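Down below is the structure, laid out as structure tokens.
The values are calculated or read from the model by the stated rules, or taken from the named source; none is laboratory data. In this text the structure is predicted, and so the values were computed from the model without any measurement. No Cβ is skipped: glycine too gets one built from the backbone with ideal geometry, and neighbour counts run over all protein chains shown.
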Amino acid sequence: MTIEISHGFGRVKLVETELLEEYAMLNIVALVAMLTAVALLVWSGARALRAKHSLVKWGGVLLAAVLAVALSGVSALTATGIVRQHSRSAPVPDLKVETTPERIARGRAVADGFCAGCHSKSGGLSGGGDVGKDLPLPIGSFVPANLTPAGALKHWSDGEIFRAIRNGVDARGQWLAIKSFTNAGRLSDDDTKAVIAYIRSLPVSGEQTPDPPDRFSLLGLAMLGAGLLPDAKQVFTGTIIAPPKGPTARYGRYLLSYQDCRECHGKDLTGGVPGQLPPLGPDLAIVKDWDQAQFIATMRTGVDPGGHRLGEQMPWRPIGRMDDDELSAIYQYLLGLPRS
């Protein structure tokens, strides 16, 4: 369905609400269908009890019982997933971001080195590809939004954008699942405001993002209900202050607090764990065998000192857009990692 945005904010909100309700209704219909199937299986088992042939009788009862129990379990997990999908909430901070040239420049730097990894296919933060296609299981469709005025953020307040970045909740109070799985909420208050200022300065580009941008499949809802997906980061309403910018391990630690390196490379950056949802990343202590210039060159070219090309799922391109001080800070922090 095409969203028409030229008839005012009220019309946009109405269409978005209709699409969201349609998606929710599809999930409810699927759940009702599963419960109906369970009822039919119970009925079939009861009918099988009337059979005169013992093999047909008890075989039918056993088959119906097994299938009914299995489908009941899936239905319960799916129902739990639907509830969890709508349970996240966070307050909207009362703020108005001043768009100074310095703040816009900082926001551009953060966006180029971080946000663009998901929110851009061709530059300009005009929306990314479906992240769900890169996951090992078909848990749903998750499309990073178009952040230019062609997308919905044109109609959001600065506080609503801040909440989306910090806590993964959109302007309608809906959970932004993939956003809440990332570490974007660990951007400092000043850097988050800088990103908002930069977003406000962008020209119209690209197409409207599908609404809702996050759509769990039935498998995804069941896994969500079973607790088999990554935990959303906890809602945080305090203040985050970044250390002074410079080529220091302290600043590098801050940079890697919001970059999502740990999602692939493990919580201690000592390598991913088999079975994790994101791609497996190697132990980053490998950079101890490189000098600083080699590390920076690797992030800028996508080729390490040994001639190995980094995988396309590794966001080396946006990371490589960081300036020399930032990349040096990351290198200094990684040098302090223990070898596993």
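Restricting attention to region 47-87, the residues that are closer than 30 Å to residue 228 by Cα and of a type outside the set (Lys, Arg) add up to 25. Restricting attention to region 152-191, the residues that are over 17 Å from residue 118 (Cβ atoms), touching an Asp or Glu at 6+ places or on another chain (Cβ under 7 Å) and at pLDDT 95 or above add up to 1. With a requirement of 1 or more residues that are surrounded by fewer than 19 Cβ atoms within 10 Å (Cβ to Cβ) and without any contact (Cβ under 8 Å) to a residue 12 or more places away in the chain, the helices (runs of 4 or more DSSP H) lying completely within region 22-134 that satisfy it span 54-85, 101-110.
Tell me, please, whether a residue that is assigned to a helix (DSSP H, G or I) and within 15 Å of the chain's Cα centre (by Cα) can be found in region 189-207. No, region 189-207 has no match at all. The sole residue among 200, 163, 215 that is of a type in the set (Lys, Arg) and crowded, with 21+ Cβ neighbours inside 10 Å is 163. Residue pairs whose Cβ atoms lie under 9 Å apart, sitting 6 or more positions apart in sequence or on different chains, and linking a residue in region 146-157 that is β-branched (Val, Ile, Thr) to a partner that is part of a helix (DSSP H, G or I), are 148/154; 148/199.
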